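Chemist: Sharing a structure here in structure tokens format.
The values are calculated or read from the model by the stated rules, or taken from the named source; none is laboratory data. Please read all numbers here as calculations on a predicted model, not as lab measurements. Neighbour counts are summed over all protein chains in view; Cβ atoms, including those assigned to glycine, are modelled from backbone coordinates with ideal geometry. Keep in mind that these areas ignore ligands, DNA and RNA; they rest on the heavy atoms of the full protein, side chains included. Shrake-Rupley method; radii C 1.70, N 1.55, O 1.52, S 1.80 Å.
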Amino acid sequence: MLLSEMQGLLDGWLEPWRYKDYAPNGLQVEGRAEVGKVVTGVTASQALIDAAAARGADAILVHHGYFWKGEDARICGMKKQRIRTLLQHDISLLAYHLPLDGHLELGNNACLGQALGLAAQGQAGEQGLLWHGDWTGAGDAQAFAGHVSARLGRAAQLLGRPDKPVRKVAWCTGGAQGFFADAVALGVDAFITGEASEQNYHMAMESDVAFIAAGHHATERFGIKALGERLMQVSGINVEFIDVFNPV
């Protein structure tokens, strides 16, 4: 398949033009024109690029790519090494940030909800990125945090009252701790995201809404994996998901 055809498929599914984002979505570094092997992963780290090169990949598809707003535009140091490796091996880099968070079927939020057994009822907040629904299980915040930990294979951090009964849940993957106030306003019992900030503890205690930090990387593995699987089903391209470890 041509690289341009692959990007056309991805753009058609994710509709990046619908989002006001912090980085360019789609093709970020151009490699060879023909694509037969794609590696997917959460972040375009050096480790992922090296793994893709070792596997003879023609393209890398990630959630966290390059050229973020506000970062130094110079190609130096770590950025130079990453881009040099891509260019040396003629590997394309494609990245989809908020479009992958928000997609109603293949997105990080949709897939995390499915993995945790959350029955989604709708989307709210900035650009519709805050999801909410019901936990199909039963128990308190401590039990729910344990459930999240077991499903994600990573110890989740619970802020707030551990014996808080949990039924209604809001979630947004990654670094969405700033959405906590919006989640509280929805009247939920618990909020899940990837990371916690200092003030989240106080809001959890004073609002009586449990805050669960389940890992930025851990909560955002599902969307890119689902996107790669869809690409393989539709195009016949060989797609391999590589989960480069990140404890954050």
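Chemist: For the stretch 1-74, which fully contained strands (runs of 3 or more DSSP E) count at least 3 residues that are touching a Leu at 6+ places or on another chain (Cβ under 6 Å) and crowded, with 21+ Cβ neighbours inside 10 Å?
Modeler: Correct list: 37-43, 59-64.
So that you can scan it fast, the table gives a plain yes or no per residue for (1) touching a residue at least 60 places away in the same chain (Cβ under 8 Å); (2) in contact with a helix residue (DSSP H, G or I) (Cβ under 7 Å, 6 or more places away or on another chain); (3) buried (at least 23 other Cβ atoms within 10 Å of the Cβ):
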{"site": "164", "(1), (2), (3)": "no, yes, no"}
{"site": "167", "(1), (2), (3)": "no, no, no"}
{"site": "205", "(1), (2), (3)": "no, no, no"}
{"site": "227", "(1), (2), (3)": "yes, yes, yes"}
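Chemist: Report yes if residue 176 is at pLDDT 95 or above and of a type outside the set (S, T, N, Q), otherwise no.
Modeler: Yes: the conditions hold for residue 176.
Chemist: When you scan the stretch 176-195, how many residues do you find that are touching a residue at least 60 places away in the same chain (Cβ under 8 Å) and either more than 18 Å from residue 108 (Cα to Cα) or surrounded by fewer than 19 Cβ atoms within 10 Å (Cβ to Cβ) (or both)?
Modeler: 1
Chemist: If residue 234 passes every condition in (1) outside the structural domain of residue 114 (by the TED database); (2) open to solvent by less than 20 Å² (accessible area, probe 1.4 Å); (3) of a type in the set (Val, Ile, Thr) but one, which one does it miss?
Modeler: In the conditions (1) outside the structural domain of residue 114 (by the TED database); (2) open to solvent by less than 20 Å² (accessible area, probe 1.4 Å); (3) of a type in the set (Val, Ile, Thr), residue 234 misses (2) alone.
Chemist: On the given criteria, is residue 80 surrounded by fewer than 17 Cβ atoms within 10 Å (Cβ to Cβ) and either closer than 30 Å to residue 130 by Cβ or in contact with a Cys (Cβ under 8 Å, 6 or more places away or on another chain) (or both)?
Modeler: no
Chemist: On to the next question. Tally time: how many residues in the stretch 114-149 are crowded, with 22+ Cβ neighbours inside 10 Å and among the small types (Gly, Ala, Ser)?
Modeler: Number satisfying all stated conditions: 2.
Chemist: Ok, one more. Give, as residue ranges, the helices (runs of 4 or more DSSP H) completely inside the stretch 147-248 that count at least 3 residues that are of a type in the set (A, V, I, L, M).
Modeler: So the answer is 180-185, 198-207, 221-235.
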